[in-house]
1. Of all the Cα-Cα pairs you can form in region 62-132, what percent are over 18 Å apart?
2. Order 146, 75 by their accessible area, 1.4 angstrom probe, all chains in place, largest first.
3. Within the set 97/118; 47/97; 60/118; 97/128; 71/102, which residue pairs have Cα atoms separated by over 24 Å?
Amino acid sequence: MNKKPDFSGALSVWRGIVQRLNDFLYTKPEKKKLGPTREEIIELRHKVSSILFDVLLGNKTVLEVVSNFPKNTVDESVNVCFHILVHLEADEDIRAKDPLYKEEQDDFILYIAELLQKGEDIPINIIKEYNSFYKETLVYPEINKDTVIARLKKFINI
């Protein structure tokens, strides 16, 4: 009547440990995404060009599109479009008085929208001009824990 000890529970524990070690040692960690892919940037540029066309055609107001503008983008060409829209809204009184100014500004925005529709970069001189005019990025950030903490630190000068 010798009974053999039952090691099935211990064996399953060891199998689990070996499996976790194999997973740890032989599975490559996922690479963190460093930024948007080229395809994502072009897709975003197409979206922004559609926004600019909607504003030019009068389908949407500047306030509407600015409040729904893509957030936290790393593409400077897209960020400049936000500045262009803010500038357009600020110049509304001048545009009403000066038809030539309005036409020039509309032609400029049409040029920018066509560039973005092709997926091209906005010329660097235009980007530099707007970046020097607006010291900070005006694009509304996503509201999350990190942005709230960053804004609080900035507010209390930490």
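1. So the portion of pairs separated by more than 18 Å is 41 percent.
2. Descending order: 146, 75.
3. Checking Cα-Cα distances, 97/118; 47/97; 97/128; 71/102 exceed 24 Å.
The values are calculated or read from the model by the stated rules, or taken from the named source; none is laboratory data. In this text the structure is predicted, and so the values were computed from the model without any measurement. These area figures cover heavy atoms from the full protein model, side chains too; ligands, DNA and RNA do not enter into them. Shrake-Rupley method; radii C 1.70, N 1.55, O 1.52, S 1.80 Å.
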